[in-house]
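Okay, structure first, notes after.
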Amino acid sequence: MQCEKAKASGSCFVCSAAFNADDRLVFEKPQAVRHHTCPRAKLVSALRERAEALSCTPRELLMARLVEMQRRLIYALGKVCFEQFSNPGPQGYVTMRLSETGFNVFVEFRPVFLLRAIYHEALISPGALQHRKAQLLAPILERASQKGFSLCTEAAETQLLEQLKTGENHWDGRKKADLSFEILSTDGITIKALSFVEKDHELDLQPPAEHQARFQQLTQQLIDRLGLQDMDQQ
C-alpha cells in the first residue's frame, strides 16, 4: 500500500467521489484507490452493521446490491436501444454514465465521446439503422399477419421500440443480461457495491436463479480484489 499525490483517474472506491489533482490517494491495489481520508474499514464496518440490521451476512448484502445494480443497467440498456432507434443524428454516441453518488444510471446522446461514460455505443449510421430496423420489424409484421390482421408500419415501429426497451435482447441481438454483467464487472463499477446503500431495506437477498452462479462469482471477485476475505467474520 502506498500513499501519494493524486495520479489516478476515476473515483474513490470508498466514497465514490471523483479525484482532484491535489488529493492524497492510497493505492491498495491497482483497481482499489481511495482518498487518504477515506478508510476502507469505515465502509466495511458500515456494511456489517447494515447486514446485521437486515439479518443477513455482509456477503449476502453485497450480492443483493450487485443484483440491484445489474437490474438498473439492464433498464438503462433498454434506453440505449431506444436512443439508437429514435435519434435522428447522423453521428455521435449513446452513452451511459453514473451519478456522482449512489448508482443512478443516465443514458443520453452526445455528439462527442464522454470520457467518464461507463458504456457507450457509436450511433448507428442511417443506412445500417434502416437495415436493422427492417430485420426487426419483419417478425412483428409476420406475427400480425398470422393472426389475421394488418399492422401499419407506424404501429409496428411502436411495438418494436417497446420491445427494444423492455425485451431481453439488445438491438444488435446480444442478451442485455450478458451485456450488463460485462459492464458490472468493469473495474471501478463492482466496487460501488460497497457504498451503494440507498435501497438496502428493499433488496431481495436471493439472486435470480438463472444468474445465481454469476452473482456469486462477481461477489467473490469483489471480496478478493479488495482483500476483504475476513469480511464475514464478526
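Descriptive notes on the structure:
- Residues in segment 195-214 that are more than 25 Å from residue 175 (Cβ to Cβ) and crowded, with 16+ Cβ neighbours inside 10 Å: 195, 197, 200.
- Test for residue 165: is it touching a Cys at 6+ places or on another chain (Cβ under 9 Å) and not hydrophobic (A, V, I, L, M, F, W, C): yes
- Selected residue (criterion: nearest to residue 76 (Cα to Cα)) from residues of segment 132-174 that are outside any helix (DSSP H, G or I) and touching a Leu at 6+ places or on another chain (Cβ under 7 Å): 170
- Checking every residue in segment 152-162 against the condition of being under 30 Å from residue 198 (Cα atoms) and modelled with pLDDT of 90 or more gives at least one match.
- Flag for residue 158 being under 23 Å from residue 83 (Cα atoms), without any contact (Cβ under 8 Å) to a residue 40 or more places away in the chain and of a type in the set (Ser, Thr, Tyr): yes
- Condition met for residue 126 (under 26 Å from residue 96 (Cα atoms) and surrounded by fewer than 15 Cβ atoms within 10 Å (Cβ to Cβ)): yes
- Lone qualifier among 196, 181, 149 - being farther than 30 Å from residue 46 by Cβ and either at pLDDT 85 or above or not acidic (Asp, Glu) (or both): 149
- Taken together, 83, 52 contain a single residue that is out of contact with any Lys or Arg (no Cβ under 9 Å at 6 or more places or on another chain), buried (at least 19 other Cβ atoms within 10 Å of the Cβ) and not aliphatic (A, V, I, L, M), which is 83.
The values are calculated or read from the model by the stated rules, or taken from the named source; none is laboratory data. Fair warning: this is a prediction, and the values are worked out from it, not measured in the lab. Every residue, glycine among them, receives a Cβ derived from its backbone with ideal geometry; neighbour counts consider all protein chains shown.
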